[in-house]
Every structure is written in C-alpha cells, then in structure tokens.
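See structure below.
The values are calculated or read from the model by the stated rules, or taken from the named source; none is laboratory data. Just so we're clear, the structure is a prediction, and the values are computed from it rather than from any experiment. Here the Cβ is made from the backbone with ideal geometry for all residues, glycine too, and neighbour counts use every protein chain on show. Quick note on the areas: whole protein, heavy atoms, side chains included, nothing else; ligands and nucleic acids left out. Shrake-Rupley method; radii C 1.70, N 1.55, O 1.52, S 1.80 Å.
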Amino acid sequence: PFDFCDPNITSAQRTVTTVRLKQLFVLNSDFMLARAKSPASRLGREASDDNARIVRGYELLFNRQPSAAELTVGRDFLTAAATDSSGRSPWEQYCLALLGSNEFVFVD
C-alpha cells in the first residue's frame, strides 16, 4: 500500500521495495499485533522450550529450519526482551518481527 504502481502505466510485475513505513506499520499496527498473537500462542502450546519454539516458528512461517545464527539471535532476543509498554510478550514481539521480515512478506 505504500508504494503502489501508477495505475496509468502497465507493468508486468510490481517492483519489490522495502521502505521504513512498511516496517513501522508492522511494528505499530493493531492488525499485525493481532496476527502475531496467534503464532506466539501456538508456539507456546506446541513446543516445550525456547529452542524448540524458534525452530517450530521457522517451520510454520518460512517452511524451513533456522540457521545456527538465526537460532542464536532468536534466543538472545527472547532473553533480553521484556513485556513492552503495550503489553506485548517477548514471544509476541518475536513473532511480530518474523511476520515483518522480507522472507515472510515476499515469495521468491
């Protein structure tokens, strides 16, 4: 919605762009927060510890296993994160970040 095509010009495909407004929408949108609560809740039910939840999150959202670096970043984030001022749990914040990633937004 932030960089739509000019309707007066034909185009074979949409140009892929990443702009700050898109990420701000993801991080501040009630719609996206509601979407992040669902996988956060599901991961809590389906896996017993943070490592297993991160792996399951990548399976659900990206259809792949996380790399060792992604697993480390996820653990570090969850260790450092606290419930924020709007009441988002660390897992909701983590899922929100995954949902806002380019890998989730764009299909290669």
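Quick notes
- Just so you know, in region 66-86 the residues that are of a type outside the set (Ser, Thr, Tyr) and in contact with a Pro (Cβ under 8 Å, 6 or more places away or on another chain) include one that is least open to solvent (accessible area, probe 1.4 Å), and it is 74.
- For region 1-52, the candidate set comprises residues that are open to solvent by 60 Å² or more (accessible area, probe 1.4 Å), among the basic types (Lys, Arg) and more than 20 Å from residue 66 (Cα to Cα); within that set, the residue that is modelled with the lowest pLDDT is 14.
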